[in-house]
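Colleague: Let me give you the structure first, and then I'll get to my questions.
The values are calculated or read from the model by the stated rules, or taken from the named source; none is laboratory data. Keep in mind that this is a model prediction, so the values were computed, not measured. For neighbour counting, all protein chains shown are included, and Cβ atoms are generated from backbone atoms with ideal geometry for every residue, glycine included. Areas reflect the complete protein model, heavy atoms only, side chains present, ligands, DNA and RNA absent. Shrake-Rupley method; radii C 1.70, N 1.55, O 1.52, S 1.80 Å.
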Amino acid sequence: MLKRLLRHPLVCLVVTLVLTGLLSAALSPVLRPLLLGLASPELRELHRLSVGPLLSALYCTVAVLVVGRYLQREPPAKLGFSLRRFWPHLGWGLLVGAGLMGAVVGLFALLGWYRVEATGETLGEELREAGVYLYAFAAVAYSEELMVRGIIFRLLEQWLGSTVALLVSSALFGAGHLMNPDATVYSSVAIAVEAGLLLGAAYMLTRSLWFAVGIHWAWNWVQGPLLGVDVSGMKMDGLVDSALVGPVAWTGGPFGAEGGYTAVLLCTAAGVALAWAAARRGQWLPFLHWRKLRREERAREAAASPPAPAPVDPSPAG
């Protein structure tokens, strides 16, 4: 009974989050100044963007592996860390994320809503900043996907099924962007709908983190450091310096492309397609699916147990 309780997804979720918090409290005072000290002075502010996500990724990874090993009794691949599928899933994720953002900004350009401008920065400075953002956004993508999809979605899905896990993780993901610069209630709802569904479905389809991480990483980097569009309220000077001059409702305005109707429509459509593919593969878990599995397990145990011996009649013969 105790073993089953400790393996319950809700218990594992709480223990994982608590362990992540304890690791952060114990190690951040030492590791954060150490990592910040490695950056050159002129890039320290940009480097600071990656330190928090890097440390969060470290703590979450350790917590997930420890809980998976000692409570869930699952190998790393079952927790989303399949090394065998790392490169193909990450590569496809990068292509999907870059393609979606390229399609969004491409539509802006066709409609005259995306204007290329000149700045005073040299190409060398822009390349250096884009390189720093490349690993900063990689850290952001990995840490957020591990927390939202690898911990919250995965464990809620094991307990309550795919629908509840998708709704709750998407809502939390959108709410997490509510404190960003220039964020509104609508922009957070847009993030929850377009990105929550897209990234949750990407995880469901592959059962590994890498596809979702690739989409998230490429989406942010292509949007900001490459094409110069603000990312979730963060002001960006890209390799292509630009401005959005179209209607804010469709372009997202100062919050960035993901806050506009264009991205919501395209990315939600892509998310629905991935979710449909996951359901077709039998990856969509129904509500309280574990009850059926438990009934089947009991039926197998009953079928495998030897039949009870027939009762002996104690009355004397004749």
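Colleague: Residues of the range 180-225: accessible area per residue at 1.4 Å, in Å²?
Modeller: Heavy-atom SASA per residue in the range 180-225 reads 24 Å².
Colleague: Expressed as a whole percentage, what fraction of the accessible surface of the range 125-177 belongs to carbon and sulfur atoms when a 1.4 Å probe is rolled over the protein heavy atoms?
Modeller: Working: 1230 of 1700 Å².
After summing per-atom areas, the C and S share lands at 73 percent.
Colleague: When a/c reaches 1.5 or more, the comparison of a/b and b/c decides; with that in mind, is the range 53-187 rounded, prolate or oblate per its Cα gyration tensor? Working shown, then result.
Modeller: Numbers: a/c = 2.13, a/b = 1.69, b/c = 1.26.
Prolate, since a/c reaches 1.5 and a/b exceeds b/c.
Colleague: Write down Rg/Rh for the chain, rounded to two decimals, with Rg from the C-alpha atoms and Rh from the Kirkwood relation over Cα pairs.
Modeller: On the way: Rg = 24.3 Å, Rh = 21.5 Å.
Reported Rg/Rh, Kirkwood definition of Rh: 1.13.
Colleague: Restrict the search to the range 44-114; then list the trypsin sites (Lys or Arg not before Pro) that DSSP places in a loop and that have at most 12 other Cβ atoms within 10 Å of their Cβ.
Modeller: ARG73, ARG84
Colleague: Size of the dipole of the chain about the Cα centre, Lys and Arg at +1 and Asp and Glu at -1 on the beta carbon, nothing else charged, in debye to 20?
Modeller: Details: 25 positive and 21 negative charges, 365 e Å.
Dipole size: approximately 1760 debye.
Colleague: Pull out a ≥ b ≥ c, the square roots of the eigenvalues of the alpha-carbon gyration tensor of the range 134-208, then state rounded if a/c is under 1.5, prolate if not and a/b is larger than b/c, and oblate in the remaining case.
Modeller: oblate
Colleague: Starting from the Cα gyration tensor of the range 190-249, take the square roots of the eigenvalues, sort them a ≥ b ≥ c, and report rounded, prolate or oblate (rounded when a/c is under 1.5, otherwise prolate if a/b is larger than b/c, else oblate).
Modeller: On the way: a/c = 3.61, a/b = 1.81, b/c = 2.00.
In terms of gyration-tensor shape, oblate.
Colleague: Could you work out the relative contact order of the chain, using alpha carbon pairs under 8 angstrom and six or more residues apart, expressed as a whole percent? Don't jump to the answer; show the numbers that get you there.
Modeller: Working: 470 pairs, mean separation 67.7, N = 318.
Once divided by the residue count of the chain, the mean separation gives 21 percent.
Colleague: Can you tally the net charge around VAL148? Count Lys and Arg as +1, Asp and Glu as -1, for every other residue whose Cβ sits under 15 Å from the Cβ of VAL148. Walk me through the numbers on the way to the answer.
Modeller: Details: positive: ARG149, ARG154; negative: GLU144, GLU145, GLU157, GLU194.
Net charge around VAL148: -2.
Colleague: Roughly speaking, what is the stretch gain from MET1 to ALA279, that is 0.36 nm per residue apart minus the C-alpha to C-alpha distance, in nm to one decimal? Walk me through the numbers before you get to the answer.
Modeller: Working: separation 278, 0.36 × 278 = 100.08 nm, distance 3.29 nm.
Extra length available between MET1 and ALA279 comes to 96.8 nm.
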